[in-house]
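Working notes, structure below.
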Amino acid sequence: MIRKVGEHAIVLGAGISGLLAARVLTDFYGRVTLVERDALGVGLPRKGVPQGFHAHALLPRGLQILEELFPGLTGELVAGGAMPYEMIVQLRMIMGGHEFARMPTGEKGVSATRPFLESHVLRRVRDLPGLVTADRSQVTGILTGEGAVTGARIADEDGERELPADLVVDAMGRGGRTLAWLESMGLDRPEEETVKVEVAYATWYLRLAEGTLGEDRMVLVGTYRGQPKGAALCAVEGDRWLVTLGGSAGVRPPTDPEGFFGWIDEVAPADVAAAVRAAEPLGEIGTARIPTSVRRRYERLSRFPEGLLVTGDAICNFNPIYGQGMSVGALDALALRDCLREGTRDLAHRYFAAVARALDPAWQLSTGADLALREAEGARPLQVRVLNAYIRRLQRVAARDPRVAVAFSRVSGLLDPPSALMRPAVVWRAVRG
Ligand SMILES: Cc1cc2nc3c(=O)[nH]c(=O)nc-3n(C[C@H](O)[C@H](O)[C@H](O)COP(=O)(O)OP(=O)(O)OC[C@H]3O[C@@H](n4cnc5c(N)ncnc54)[C@H](O)[C@@H]3O)c2cc1C
(Lines give C-alpha, C1' and ligand atoms only; values in the text may rest on other atoms or scores of the structure.)
Protein backbone atom coordinates (compact mmCIF):
# COMPACT_ATOMS: atom_id res chain seq x y z
CA MET A 1 0.00 0.00 0.00
CA ILE A 2 1.57 3.31 -1.13
CA ARG A 3 1.17 6.23 1.27
CA LYS A 4 -0.06 9.54 -0.20
CA VAL A 5 2.33 12.36 0.64
CA GLY A 6 0.36 15.34 -0.68
CA GLU A 7 -2.82 16.68 -2.27
CA HIS A 8 -1.65 18.10 -5.57
CA ALA A 9 1.45 17.85 -7.78
CA ILE A 10 2.07 19.66 -11.09
CA VAL A 11 4.28 18.42 -13.91
CA LEU A 12 5.39 21.14 -16.32
CA GLY A 13 5.91 19.65 -19.80
CA ALA A 14 4.42 16.46 -21.26
CA GLY A 15 7.47 15.11 -23.08
CA ILE A 16 8.52 11.59 -22.21
CA SER A 17 10.07 12.59 -18.85
CA GLY A 18 7.00 14.62 -17.86
CA LEU A 19 4.68 11.72 -18.73
CA LEU A 20 6.73 9.28 -16.66
CA ALA A 21 7.03 11.69 -13.73
CA ALA A 22 3.23 12.14 -13.84
CA ARG A 23 2.76 8.36 -13.80
CA VAL A 24 4.87 8.05 -10.64
CA LEU A 25 3.29 11.06 -8.92
CA THR A 26 -0.27 9.72 -9.25
CA ASP A 27 0.77 7.03 -6.73
CA PHE A 28 1.74 9.64 -4.14
CA TYR A 29 -0.53 12.68 -4.69
CA GLY A 30 -4.31 12.87 -4.73
CA ARG A 31 -4.29 14.89 -7.96
CA VAL A 32 -1.63 15.46 -10.63
CA THR A 33 -1.89 18.21 -13.26
CA LEU A 34 0.15 17.75 -16.42
CA VAL A 35 0.73 21.10 -18.15
CA GLU A 36 1.80 21.25 -21.80
CA ARG A 37 1.91 24.12 -24.27
CA ASP A 38 1.19 21.90 -27.30
CA ALA A 39 -2.11 20.19 -28.07
CA LEU A 40 -1.70 16.62 -26.84
CA GLY A 41 -2.68 13.40 -28.53
CA VAL A 42 -2.39 14.56 -32.12
CA GLY A 43 0.32 12.00 -32.86
CA LEU A 44 2.41 13.94 -35.36
CA PRO A 45 5.81 15.40 -34.41
CA ARG A 46 4.69 18.41 -32.42
CA LYS A 47 6.18 21.89 -32.12
CA GLY A 48 7.49 21.38 -28.58
CA VAL A 49 9.35 18.17 -29.55
CA PRO A 50 10.73 18.83 -33.05
CA GLN A 51 13.35 16.10 -32.53
CA GLY A 52 10.46 13.63 -32.73
CA PHE A 53 10.88 13.59 -36.52
CA HIS A 54 14.26 11.85 -36.21
CA ALA A 55 15.33 8.36 -35.12
CA HIS A 56 14.38 7.88 -31.46
CA ALA A 57 15.67 4.56 -30.20
CA LEU A 58 14.38 3.50 -26.82
CA LEU A 59 17.24 1.60 -25.17
CA PRO A 60 16.43 -1.81 -23.65
CA ARG A 61 16.71 -0.40 -20.10
CA GLY A 62 14.25 2.36 -21.03
CA LEU A 63 11.77 -0.20 -22.37
CA GLN A 64 12.11 -2.28 -19.19
CA ILE A 65 11.21 0.76 -17.07
CA LEU A 66 8.26 1.71 -19.28
CA GLU A 67 6.95 -1.83 -18.98
CA GLU A 68 7.38 -1.69 -15.20
CA LEU A 69 5.44 1.59 -14.96
CA PHE A 70 2.80 0.56 -17.52
CA PRO A 71 2.46 -3.24 -17.53
CA GLY A 72 1.48 -4.49 -20.98
CA LEU A 73 2.74 -1.38 -22.82
CA THR A 74 5.26 -3.32 -24.95
CA GLY A 75 2.45 -5.56 -26.24
CA GLU A 76 0.31 -2.50 -27.01
CA LEU A 77 3.16 -0.88 -28.95
CA VAL A 78 3.70 -4.02 -31.00
CA ALA A 79 -0.04 -4.46 -31.58
CA GLY A 80 -0.12 -0.87 -32.84
CA GLY A 81 2.62 -1.55 -35.39
CA ALA A 82 5.93 -0.98 -33.57
CA MET A 83 8.62 -3.44 -34.65
CA PRO A 84 9.82 -5.86 -31.97
CA TYR A 85 13.44 -6.95 -32.24
CA GLU A 86 15.97 -9.01 -30.36
CA MET A 87 19.18 -7.25 -29.46
CA ILE A 88 22.19 -8.28 -31.55
CA VAL A 89 20.02 -10.77 -33.50
CA GLN A 90 17.78 -8.27 -35.32
CA LEU A 91 19.77 -5.21 -34.32
CA ARG A 92 22.78 -4.99 -36.62
CA MET A 93 25.56 -3.02 -34.96
CA ILE A 94 28.51 -1.57 -36.83
CA MET A 95 30.68 0.15 -34.26
CA GLY A 96 34.17 1.53 -34.74
CA GLY A 97 33.88 0.35 -38.35
CA HIS A 98 33.34 -3.30 -37.29
CA GLU A 99 30.14 -5.25 -37.84
CA PHE A 100 29.37 -7.12 -34.62
CA ALA A 101 28.97 -10.89 -34.56
CA ARG A 102 25.48 -12.11 -33.64
CA MET A 103 24.04 -14.55 -31.15
CA PRO A 104 20.66 -14.92 -29.41
CA THR A 105 20.39 -12.69 -26.33
CA GLY A 106 16.71 -12.95 -25.42
CA GLU A 107 16.86 -9.20 -24.75
CA LYS A 108 13.94 -7.50 -26.49
CA GLY A 109 13.48 -4.00 -27.82
CA VAL A 110 10.84 -2.20 -29.88
CA SER A 111 11.42 0.21 -32.71
CA ALA A 112 8.93 3.01 -33.34
CA THR A 113 8.83 6.74 -33.97
CA ARG A 114 8.90 9.09 -31.02
CA PRO A 115 5.33 10.46 -31.63
CA PHE A 116 4.00 6.89 -31.74
CA LEU A 117 5.74 5.93 -28.49
CA GLU A 118 4.70 9.15 -26.79
CA SER A 119 1.06 8.83 -27.86
CA HIS A 120 0.85 5.31 -26.38
CA VAL A 121 2.40 6.43 -23.09
CA LEU A 122 0.10 9.48 -23.02
CA ARG A 123 -2.96 7.26 -23.46
CA ARG A 124 -1.93 5.19 -20.43
CA VAL A 125 -1.14 8.32 -18.39
CA ARG A 126 -4.54 9.84 -19.19
CA ASP A 127 -6.22 6.74 -17.76
CA LEU A 128 -4.54 7.19 -14.36
CA PRO A 129 -6.83 8.13 -11.46
CA GLY A 130 -6.39 11.74 -10.36
CA LEU A 131 -4.60 12.80 -13.56
CA VAL A 132 -5.69 16.09 -15.15
CA THR A 133 -4.15 17.40 -18.38
CA ALA A 134 -3.89 21.11 -19.14
CA ASP A 135 -2.62 21.23 -22.72
CA ARG A 136 -2.36 24.31 -24.96
CA SER A 137 -1.16 25.96 -21.74
CA GLN A 138 2.06 27.91 -21.41
CA VAL A 139 3.95 27.81 -18.12
CA THR A 140 4.59 31.45 -17.24
CA GLY A 141 6.08 31.19 -13.75
CA ILE A 142 6.04 29.65 -10.29
CA LEU A 143 4.32 30.66 -7.07
CA THR A 144 6.60 31.04 -4.07
CA GLY A 145 6.24 31.63 -0.33
CA GLU A 146 8.73 31.46 2.55
CA GLY A 147 11.54 30.24 0.32
CA ALA A 148 9.50 27.35 -1.07
CA VAL A 149 7.73 26.77 -4.38
CA THR A 150 4.00 26.60 -3.79
CA GLY A 151 2.60 26.19 -7.29
CA ALA A 152 2.80 27.35 -10.89
CA ARG A 153 1.29 30.02 -13.08
CA ILE A 154 -0.03 28.98 -16.47
CA ALA A 155 -1.68 30.80 -19.36
CA ASP A 156 -4.13 29.48 -21.94
CA GLU A 157 -6.60 31.09 -24.32
CA ASP A 158 -8.79 32.08 -21.34
CA GLY A 159 -5.96 33.99 -19.67
CA GLU A 160 -3.49 33.38 -16.87
CA ARG A 161 -4.25 31.40 -13.71
CA GLU A 162 -2.51 30.19 -10.59
CA LEU A 163 -2.28 26.52 -9.66
CA PRO A 164 -1.29 25.97 -6.03
CA ALA A 165 0.49 22.65 -5.42
CA ASP A 166 2.59 20.71 -2.92
CA LEU A 167 5.12 19.80 -5.60
CA VAL A 168 6.08 21.25 -9.00
CA VAL A 169 8.27 19.24 -11.40
CA ASP A 170 10.07 21.03 -14.23
CA ALA A 171 10.01 18.62 -17.19
CA MET A 172 10.29 21.29 -19.89
CA GLY A 173 13.29 19.72 -21.60
CA ARG A 174 16.29 21.70 -22.78
CA GLY A 175 14.29 24.89 -22.22
CA GLY A 176 13.60 24.06 -18.54
CA ARG A 177 12.99 27.19 -16.48
CA THR A 178 14.44 26.19 -13.11
CA LEU A 179 17.73 28.07 -13.62
CA ALA A 180 15.85 31.36 -14.03
CA TRP A 181 13.53 30.56 -11.11
CA LEU A 182 16.45 29.83 -8.78
CA GLU A 183 17.96 33.19 -9.69
CA SER A 184 14.67 34.98 -9.11
CA MET A 185 14.59 33.43 -5.62
CA GLY A 186 18.13 34.66 -4.90
CA LEU A 187 19.58 31.13 -5.05
CA ASP A 188 22.65 29.81 -6.86
CA ARG A 189 22.40 28.08 -10.22
CA PRO A 190 23.88 24.57 -10.41
CA GLU A 191 27.31 24.01 -11.92
CA GLU A 192 27.09 22.96 -15.57
CA GLU A 193 29.28 20.54 -17.48
CA THR A 194 29.12 21.21 -21.20
CA VAL A 195 30.57 19.10 -24.02
CA LYS A 196 30.64 20.64 -27.49
CA VAL A 197 29.32 17.88 -29.79
CA GLU A 198 28.12 19.78 -32.89
CA VAL A 199 25.92 16.96 -34.10
CA ALA A 200 23.74 17.34 -37.19
CA TYR A 201 20.98 14.99 -38.39
CA ALA A 202 19.22 14.43 -41.70
CA THR A 203 16.24 12.06 -41.70
CA TRP A 204 14.24 10.48 -44.49
CA TYR A 205 11.28 8.12 -44.18
CA LEU A 206 11.43 5.33 -46.76
CA ARG A 207 9.49 2.22 -47.77
CA LEU A 208 11.86 -0.69 -48.33
CA ALA A 209 10.83 -3.64 -50.48
CA GLU A 210 9.68 -6.41 -48.15
CA GLY A 211 12.45 -8.62 -46.78
CA THR A 212 15.25 -6.51 -48.33
CA LEU A 213 17.21 -6.51 -45.10
CA GLY A 214 16.22 -10.03 -44.03
CA GLU A 215 15.43 -10.26 -40.32
CA ASP A 216 17.10 -6.94 -39.47
CA ARG A 217 14.86 -4.39 -37.76
CA MET A 218 17.52 -1.85 -36.96
CA VAL A 219 20.96 -1.05 -38.35
CA LEU A 220 23.22 1.23 -36.32
CA VAL A 221 26.42 2.58 -37.82
CA GLY A 222 28.40 4.45 -35.15
CA THR A 223 30.86 7.29 -35.67
CA TYR A 224 34.47 6.67 -34.67
CA ARG A 225 37.96 8.16 -34.76
CA GLY A 226 38.54 9.42 -38.28
CA GLN A 227 34.94 8.79 -39.33
CA PRO A 228 32.54 11.41 -37.90
CA LYS A 229 29.71 10.13 -40.13
CA GLY A 230 27.16 7.59 -38.88
CA ALA A 231 23.64 6.39 -39.64
CA ALA A 232 20.66 4.68 -38.03
CA LEU A 233 18.04 2.72 -39.96
CA CYS A 234 14.97 1.71 -37.98
CA ALA A 235 11.92 -0.25 -39.10
CA VAL A 236 8.98 1.65 -37.57
CA GLU A 237 5.20 1.51 -37.45
CA GLY A 238 3.31 2.04 -40.69
CA ASP A 239 5.55 -0.38 -42.59
CA ARG A 240 8.21 2.31 -42.96
CA TRP A 241 11.91 2.70 -42.34
CA LEU A 242 13.26 5.79 -40.74
CA VAL A 243 16.79 6.56 -41.92
CA THR A 244 18.75 9.14 -39.97
CA LEU A 245 22.24 10.28 -41.00
CA GLY A 246 24.26 11.67 -38.10
CA GLY A 247 27.35 13.83 -38.43
CA SER A 248 29.53 14.63 -35.41
CA ALA A 249 32.00 17.40 -34.65
CA GLY A 250 30.51 19.86 -37.14
CA VAL A 251 30.12 17.48 -40.10
CA ARG A 252 26.67 18.05 -41.63
CA PRO A 253 24.81 15.40 -43.60
CA PRO A 254 23.49 16.35 -47.03
CA THR A 255 19.81 17.06 -47.54
CA ASP A 256 19.51 16.16 -51.22
CA PRO A 257 18.74 12.55 -52.29
CA GLU A 258 22.04 11.96 -54.16
CA GLY A 259 24.08 13.28 -51.25
CA PHE A 260 21.98 11.17 -48.86
CA PHE A 261 22.68 8.01 -50.88
CA GLY A 262 26.37 8.90 -51.14
CA TRP A 263 26.67 9.17 -47.33
CA ILE A 264 24.97 5.80 -46.85
CA ASP A 265 27.27 4.26 -49.50
CA GLU A 266 30.25 5.55 -47.57
CA VAL A 267 29.29 4.38 -44.06
CA ALA A 268 26.94 1.40 -44.39
CA PRO A 269 27.43 -2.18 -45.65
CA ALA A 270 26.74 -2.61 -49.38
CA ASP A 271 23.40 -4.46 -48.92
CA VAL A 272 22.08 -1.68 -46.67
CA ALA A 273 23.17 1.03 -49.09
CA ALA A 274 21.53 -0.85 -51.99
CA ALA A 275 18.29 -1.24 -49.99
CA VAL A 276 18.17 2.50 -49.31
CA ARG A 277 18.80 3.38 -52.95
CA ALA A 278 16.02 1.04 -54.08
CA ALA A 279 13.50 2.30 -51.49
CA GLU A 280 10.43 4.43 -52.10
CA PRO A 281 10.85 7.88 -50.51
CA LEU A 282 8.02 9.02 -48.23
CA GLY A 283 8.24 12.80 -47.99
CA GLU A 284 11.07 15.26 -47.55
CA ILE A 285 14.41 15.00 -45.77
CA GLY A 286 14.28 16.81 -42.39
CA THR A 287 17.23 18.17 -40.39
CA ALA A 288 18.27 18.92 -36.80
CA ARG A 289 21.36 20.34 -35.11
CA ILE A 290 22.52 19.75 -31.56
CA PRO A 291 25.47 21.92 -30.53
CA THR A 292 26.17 20.69 -26.98
CA SER A 293 25.49 18.12 -24.29
CA VAL A 294 24.83 19.73 -20.90
CA ARG A 295 24.69 18.22 -17.43
CA ARG A 296 23.44 20.38 -14.57
CA ARG A 297 24.80 19.37 -11.18
CA TYR A 298 21.72 20.01 -9.01
CA GLU A 299 23.00 17.41 -6.55
CA ARG A 300 25.91 19.71 -5.65
CA LEU A 301 23.72 22.67 -4.61
CA SER A 302 23.59 23.26 -0.87
CA ARG A 303 20.25 25.10 -1.08
CA PHE A 304 17.28 24.19 -3.27
CA PRO A 305 13.68 25.31 -2.69
CA GLU A 306 11.21 22.89 -1.20
CA GLY A 307 8.31 22.03 -3.49
CA LEU A 308 10.34 21.98 -6.71
CA LEU A 309 12.11 19.19 -8.65
CA VAL A 310 13.54 18.86 -12.16
CA THR A 311 13.61 15.87 -14.51
CA GLY A 312 14.81 14.69 -17.93
CA ASP A 313 16.60 16.93 -20.40
CA ALA A 314 16.13 19.87 -18.03
CA ILE A 315 18.78 18.18 -15.84
CA CYS A 316 20.96 16.54 -18.44
CA ASN A 317 20.78 16.37 -22.22
CA PHE A 318 23.03 14.10 -24.20
CA ASN A 319 24.54 13.75 -27.61
CA PRO A 320 21.49 12.08 -29.26
CA ILE A 321 23.64 9.73 -31.32
CA TYR A 322 23.76 7.30 -28.37
CA GLY A 323 19.96 7.26 -27.94
CA GLN A 324 20.04 7.73 -24.17
CA GLY A 325 17.76 10.71 -23.44
CA MET A 326 14.37 9.02 -23.07
CA SER A 327 15.82 6.10 -21.11
CA VAL A 328 17.51 8.49 -18.70
CA GLY A 329 14.18 10.31 -18.29
CA ALA A 330 12.77 6.91 -17.30
CA LEU A 331 15.60 6.40 -14.79
CA ASP A 332 14.73 9.81 -13.28
CA ALA A 333 11.12 8.64 -12.84
CA LEU A 334 12.29 5.56 -10.93
CA ALA A 335 14.51 7.74 -8.74
CA LEU A 336 11.47 9.94 -8.00
CA ARG A 337 9.35 6.93 -7.10
CA ASP A 338 12.01 5.46 -4.82
CA CYS A 339 12.57 8.77 -3.03
CA LEU A 340 8.83 9.42 -2.51
CA ARG A 341 8.49 5.97 -0.97
CA GLU A 342 10.64 7.38 1.86
CA GLY A 343 8.38 10.47 2.21
CA THR A 344 9.01 14.12 1.35
CA ARG A 345 11.59 15.05 4.00
CA ASP A 346 14.72 16.43 2.33
CA LEU A 347 13.19 15.29 -0.98
CA ALA A 348 15.15 17.50 -3.40
CA HIS A 349 18.49 16.57 -1.89
CA ARG A 350 17.76 12.84 -1.92
CA TYR A 351 16.21 12.96 -5.39
CA PHE A 352 19.01 14.85 -7.13
CA ALA A 353 21.60 12.55 -5.51
CA ALA A 354 19.69 9.49 -6.77
CA VAL A 355 19.36 10.98 -10.27
CA ALA A 356 23.09 11.75 -10.37
CA ARG A 357 23.90 8.13 -9.49
CA ALA A 358 21.46 6.86 -12.12
CA LEU A 359 22.74 9.04 -14.94
CA ASP A 360 26.47 8.75 -14.21
CA PRO A 361 26.96 5.67 -16.45
CA ALA A 362 25.11 7.21 -19.40
CA TRP A 363 27.04 10.48 -19.10
CA GLN A 364 30.33 8.63 -18.78
CA LEU A 365 29.55 6.52 -21.86
CA SER A 366 28.44 9.35 -24.12
CA THR A 367 31.06 11.93 -23.16
CA GLY A 368 33.80 9.26 -23.36
CA ALA A 369 32.63 8.26 -26.84
CA ASP A 370 32.47 11.92 -27.92
CA LEU A 371 36.07 12.44 -26.90
CA ALA A 372 37.08 9.29 -28.80
CA LEU A 373 36.47 11.21 -32.04
CA ARG A 374 39.70 12.76 -33.23
CA GLU A 375 37.67 15.72 -34.51
CA ALA A 376 35.95 16.51 -31.17
CA GLU A 377 37.13 19.35 -28.94
CA GLY A 378 37.86 18.75 -25.25
CA ALA A 379 40.58 17.65 -22.85
CA ARG A 380 41.37 13.92 -22.82
CA PRO A 381 42.88 12.84 -19.51
CA LEU A 382 44.99 9.66 -19.56
CA GLN A 383 42.09 7.63 -18.11
CA VAL A 384 39.82 8.63 -21.05
CA ARG A 385 42.54 7.83 -23.61
CA VAL A 386 43.21 4.39 -22.11
CA LEU A 387 39.49 3.59 -21.88
CA ASN A 388 38.86 4.68 -25.47
CA ALA A 389 41.76 2.53 -26.72
CA TYR A 390 40.22 -0.42 -24.84
CA ILE A 391 36.76 0.29 -26.34
CA ARG A 392 38.29 0.36 -29.84
CA ARG A 393 39.85 -3.02 -29.17
CA LEU A 394 36.55 -4.41 -27.83
CA GLN A 395 34.73 -3.24 -30.94
CA ARG A 396 37.29 -4.96 -33.14
CA VAL A 397 37.02 -8.20 -31.16
CA ALA A 398 33.18 -7.98 -31.14
CA ALA A 399 33.24 -8.52 -34.90
CA ARG A 400 34.35 -12.13 -34.29
CA ASP A 401 33.35 -12.82 -30.71
CA PRO A 402 29.57 -12.58 -30.13
CA ARG A 403 30.01 -12.65 -26.34
CA VAL A 404 31.97 -9.44 -26.49
CA ALA A 405 29.33 -8.02 -28.84
CA VAL A 406 26.64 -8.88 -26.28
CA ALA A 407 28.63 -7.39 -23.38
CA PHE A 408 29.14 -4.19 -25.39
CA SER A 409 25.52 -3.89 -26.46
CA ARG A 410 24.24 -4.51 -22.90
CA VAL A 411 26.35 -1.61 -21.65
CA SER A 412 25.28 0.72 -24.46
CA GLY A 413 21.66 -0.35 -23.82
CA LEU A 414 22.11 0.75 -20.16
CA LEU A 415 21.32 -2.78 -18.97
CA ASP A 416 24.79 -3.13 -17.41
CA PRO A 417 27.11 -0.46 -16.02
CA PRO A 418 30.28 0.44 -17.99
CA SER A 419 32.29 -1.50 -15.36
CA ALA A 420 30.79 -4.70 -16.88
CA LEU A 421 33.27 -4.24 -19.74
CA MET A 422 36.07 -4.62 -17.17
CA ARG A 423 34.89 -8.02 -15.95
CA PRO A 424 37.71 -10.57 -16.19
CA ALA A 425 35.83 -12.67 -18.77
CA VAL A 426 35.42 -9.68 -21.11
CA VAL A 427 38.97 -8.37 -20.57
CA TRP A 428 40.37 -11.83 -21.24
CA ARG A 429 38.43 -12.14 -24.50
CA ALA A 430 39.55 -8.64 -25.54
CA VAL A 431 43.20 -9.44 -24.85
CA ARG A 432 43.06 -12.86 -26.48
CA GLY A 433 41.04 -11.55 -29.43
C1 LIG B 1 17.70 15.05 -33.01
C2 LIG B 1 17.51 14.30 -31.71
C3 LIG B 1 17.49 12.92 -31.71
C4 LIG B 1 17.32 12.21 -30.51
N5 LIG B 1 17.32 10.84 -30.52
C6 LIG B 1 17.10 10.16 -29.38
C7 LIG B 1 17.05 8.74 -29.36
O8 LIG B 1 17.30 8.06 -30.36
N9 LIG B 1 16.74 8.12 -28.17
C10 LIG B 1 16.53 8.83 -27.03
O11 LIG B 1 16.25 8.23 -25.99
N12 LIG B 1 16.60 10.16 -27.02
C13 LIG B 1 16.88 10.84 -28.15
N14 LIG B 1 16.95 12.21 -28.12
C15 LIG B 1 16.80 12.89 -26.84
C16 LIG B 1 15.34 12.98 -26.45
O17 LIG B 1 14.61 13.64 -27.45
C18 LIG B 1 15.23 13.74 -25.13
O19 LIG B 1 16.15 13.22 -24.20
C20 LIG B 1 13.84 13.62 -24.57
O21 LIG B 1 12.92 14.20 -25.43
C22 LIG B 1 13.77 14.30 -23.22
O23 LIG B 1 12.46 14.31 -22.79
P24 LIG B 1 11.92 15.47 -21.85
O25 LIG B 1 10.54 15.08 -21.53
O26 LIG B 1 12.89 15.69 -20.74
O27 LIG B 1 11.97 16.78 -22.74
P28 LIG B 1 11.16 17.10 -24.09
O29 LIG B 1 10.89 15.88 -24.84
O30 LIG B 1 11.94 18.19 -24.75
O31 LIG B 1 9.77 17.66 -23.58
C32 LIG B 1 9.62 18.92 -23.00
C33 LIG B 1 8.14 19.29 -23.06
O34 LIG B 1 7.94 20.51 -22.34
C35 LIG B 1 7.06 21.32 -23.10
N36 LIG B 1 7.33 22.73 -22.72
C37 LIG B 1 8.51 23.40 -22.84
N38 LIG B 1 8.36 24.66 -22.39
C39 LIG B 1 7.08 24.78 -21.97
C40 LIG B 1 6.32 25.85 -21.38
N41 LIG B 1 6.86 27.05 -21.14
N42 LIG B 1 5.03 25.61 -21.07
C43 LIG B 1 4.46 24.39 -21.29
N44 LIG B 1 5.12 23.35 -21.83
C45 LIG B 1 6.42 23.54 -22.16
C46 LIG B 1 7.43 21.03 -24.55
O47 LIG B 1 6.39 21.39 -25.43
C48 LIG B 1 7.65 19.52 -24.48
O49 LIG B 1 6.47 18.80 -24.68
C50 LIG B 1 17.17 12.93 -29.30
C51 LIG B 1 17.21 14.31 -29.30
C52 LIG B 1 17.40 14.99 -30.47
C53 LIG B 1 17.47 16.52 -30.44
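Structural remarks
- For the range 80-220, size of Cβ-based charge dipole, Lys and Arg +1, Asp and Glu -1, in debye: 600
- Cα centroid separation - the range 119-187 against the range 399-414, whole Å: 41
- Relative contact order (%) - the range 1-158, alpha-carbon pairs under 8 angstrom, separation at least six: 28
- Percentage relative contact order, the chain, counting C-alpha pairs under 8 Å, at least six apart: 21
- For the chain, the antiparallel share of DSSP beta bridges with both residues in that region comes to about 70%.
- Cα lying deepest toward the dipole's positive end in the chain, options Pro228, Val243, Pro281, charges on Cβ: Pro228
- The range 193-236 and the range 1-46 have their alpha-carbon centroids 32 Å apart.
- Heavy atoms of the protein chains alone define the surface here; on that basis the chain has 43 Å² accessible area per residue at 1.4 Å probe size.
- Shown for the chain: the carbon plus sulfur share of the solvent-accessible area, taken with all protein chains present and a 1.4 angstrom probe, equals 51%.
- A dipole drawn for the chain from +1 and -1 charges on Cβ atoms has a positive end, and of Val427, Leu187, Val199 the residue lying farthest that way is Val427.
- Basic side chains Lys and Arg get +1 at the Cβ, acidic Asp and Glu get -1 at the Cβ, and with that the dipole of the chain about its Cα centre reaches some 1420 debye.
- Mean separation of Cα contacts under 8 Å, 6 or more apart, over the residue count of the range 370-432: relative contact order %: 22
- Dipole of the range 370-432, positive end: most advanced residue of Ser412, Ile391, Ala372 [Cβ charges, Cα centre]: Ile391
- The charge dipole of the range 370-432, taken about the Cα centre with unit charges on the Cβ atoms of Lys, Arg (+1) and Asp, Glu (-1), comes to about 380 debye, rounded to the nearest 20.
The values are calculated or read from the model by the stated rules, or taken from the named source; none is laboratory data. Fair warning: this is a prediction, and the values are worked out from it, not measured in the lab. When we count neighbours, we look across all protein chains shown, and the Cβ atoms used for this are built from the backbone with ideal geometry, even at glycine. Accessible surface areas use protein heavy atoms only, side chains included; no ligands, DNA or RNA. Shrake-Rupley method; radii C 1.70, N 1.55, O 1.52, S 1.80 Å.
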